[in-house]
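Quick notes on the structure that follows.
A short reminder: the numbers here are calculations on the coordinates, not readings from a lab. Worth saying up front: this structure is predicted, and the values here are computed from it rather than measured. Here the Cβ is made from the backbone with ideal geometry for all residues, glycine too, and neighbour counts use every protein chain on show.
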Amino acid sequence: MVRQGKAAWLAHDLTHRGVTAWLLSALLVAFYLVLYYTALFDRAARAIGLDSKWTFYGILYSLAIVLGGIYVLRKYRHNRYQVVRTAVVMFVQVILAFSIPEILQFVHQPEYYFSYFWPLKFDYWTPETIFRFPLGYILYSFLGSLLLVPLLGIFFGKRWYCSWVCGCGGLANTAGDPLRHLTSKSSASWKFERISIYTVLAVCLTLTALLFVSWGIRTRDPALEQFVDGFQSVYAFLVVAMLSGVVGAGLYPLGGTRIWCRNFCPMAALLGLVQKFGRFRITVKENMCISCGLCSKYCEMGIDVRSYAQANLSFTRASCVGCGLCAEVCPRGVLRLENIRLRHPQQLALIHISPATTRSRTAAI
Ligand code: SF4
Ligand code: SF4
């Protein structure tokens, strides 16, 4: 169906950084600031019979994923990978990330999110949290982070988590789908991503180590305890509230849907490292690419997929979340997401092709 008139203008303006996109972004940023730093949503939640603003937010978030998921299911109904992936993401959000934590609270058990693991949920590995939870939860948390996450990462790449389970990826791939092309493909954004994501991971690892050290010698060193408490507060403010919420979701209409996942998420950083040595790759059919650029345009992680296709190079990139949209939009069926046991070094590009390299290659062709 071709949209006409004002509806078409509005859709284009919203998805191409027009005035309405800027207004929507300002509204989303304001929403997150009010949510985090005022009691307004607490009062609103209680007025409608909910226990806190986080339940209210959980309902809104789940609704966005469910409604966006229905839109995506319809849009990609011919593609089994997209249909199953979207259905799983909707299920995980509604059941694991919303209903079960709510039910646990209702029956006076500690609230726990079974779809989130350290280091994304860094507070699940703080001494205070660990000793607050029953043994079964602690085992689940440690086995999940140390065994389940890396093992599945080796076999299936980071896509099993970033595109099938995580709520951040879930929102990006459902409600955020019309904005996915806004992710920057510039050389500067690629360089920034490589520095920022590993910096956040290093800070997260340091904080976790310090929390345990400070807990171990707590009674003897109050100065260290004070420093670590301050460090934790700064991390919670900067990384958890600002980067994942205000920037990550607030700037969807301007910078695309994976700002957080691409640049700041410590879980994505760890899984990316695992992915580079695991089985996941995107295979390229040789001499089929017509250089239309749709794969690069719709890559939500800003990867220049076309450059690999033009060079007949199958590839594994640490940042690829395995959303499968590059394969979906390719008119020639050039790309395929695979988990392979053996790699042929000449066929598989483990190196990054930077946007600068791409430009010179393209020019030379
Ligand atoms: S390379 Fe393809 S599968 Fe990977 S993030 Fe980009 S669009 Fe998704
Ligand atoms: S969408 Fe397909 S044909 Fe177009 S540039 Fe990418 S790989 Fe080549």
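Overview of results
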quantity	calculated
Residues Asp13, Asp304, sorted so that the one with the fewest Cβ neighbours within 10 Å comes first	Asp13, Asp304
Kirkwood hydrodynamic radius (C-alpha pairs) into Stokes-Einstein, the chain, 4 °C and 1.567 mPa s, D in µm²/s	59 µm²/s
Cβ-based exposure ranking for His181, His12, in which fewest neighbours within 10 Å come first	His12, His181
Extension reserve of the Tyr36-Gln109 stretch, reckoned as 0.36 nm per residue once the Cα distance is removed	23.9 nm
Spin-label zone in region 270-293 - amide nitrogen under 14 Å from a point set 7 Å from the Cα of Val88 along the C-beta vector	280
Neighbour-count order for Glu225, Glu111, fewest beta carbons within 10 angstrom listed first	Glu111, Glu225
Under 22 Å from the Cα of Lys276 - lysines, other chains or at least 8 residues apart	Lys158, Lys185, Lys191, Lys285
Within the chain, helix-based [θ] at 222 nm, where runs of 4 or more DSSP H residues each add -39,500 (n - 2.57), nearest 500	-16500 deg cm²/dmol
Cysteines not pairable in the chain (beta carbon separation under 4.7 Å absent)	Cys162, Cys166, Cys168, Cys204, Cys261, Cys265, Cys289, Cys292, Cys299, Cys320, Cys323, Cys330
Theoretical FRET efficiency, 1/(1+(r/R0)^6), r = Cβ-Cβ of Gln4 and Ile95, R0 45 Å, to 0.05	0.65
